[in-house]
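Inspection log for the structure reproduced underneath, given as structure tokens.
Every number here is computed from the coordinates shown, using simple stated rules; none is lab data. Small disclaimer: the values here were computed from a predicted structure and weren't measured. Cβ sites come from the backbone with ideal geometry, for glycine too, and all protein chains shown count toward neighbours.
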Amino acid sequence: MAQLVLGLWAATAFFGAYMFSFTLGAARSRAEAEPGQLTSKLPPFATFVHPLFGLAGLALWIAYLAAGQQSLAWITLVVLIAGAGIGDVLLVKTLGSRKDAEHTVEDRIPTSAMAIHGILAVATIGAVLLVCLGVDSQEGDDDADFGKTMAPVVQPVQPVQVAR
């Protein structure tokens, strides 16, 4: 299940990067816009912090896979939920700007991309929660408690003894 999370994360990030590409080069206000340049009504802070939370969560998840420290999985879940909250703000702003008469870059973001990104994000959060709760652990293995250590997914390489 831990590897499934990585796959879901990669797909979520792909659609997120696709949507982010629409906002690049947009002016923040009509006064800043050059002739023919679209503006964005998305909060710059949220536009920056939302992907930052996603990347920080991914780094924590990779650390969890390498170290096997269950607390890292729980911290990852908290970071993901915080990032999803900011993503909800971006979604509301994007859908709200489509009702305005003024055209913005958010109007060009396909609704299907937003839906797929959101569904994949929810699936990622759900899979991380299942790992945190130990649903994917083996019979008799109770690693779901906060702070317990489980065997790392990535096993360290043992040094090779050279016979002389």
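Key figures
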| item | result |
| --- | --- |
| Integer Hz, Karplus 6.51/-1.76/1.60 couplings in order for segment 79-92, x for Gly and Pro | 5, 4, 5, 4, x, 5, x, 5, x, 5, 4, 5, 5, 4 |
| For segment 1-139, alpha-carbon Rg over 2.2 N^0.38 Å | 1.20 |
| 3J(HN,Hα) from dihedral phi, segment 121-129, Karplus parametrisation 6.51/-1.76/1.60, rounded to Hz, x for glycine, proline | 5, 5, 5, 5, 4, x, 5, 5, 4 |
| Label-to-label distance, nm, for residues given as L52 and A67 (7 Å Cα→Cβ offset) | 2.2 nm |
| Two-site label geometry, L24 and D107: point separation in nm, points 7 Å out along Cα→Cβ | 2.3 nm |
| Separation in nanometres of the label points that stand 7 Å from Cα toward Cβ, at A163 and V92 | 7.0 nm |
| Segment 46-96, Rg to Rh (Cα coordinates; Rh as Kirkwood inverse mean 1/r) | 1.11 |
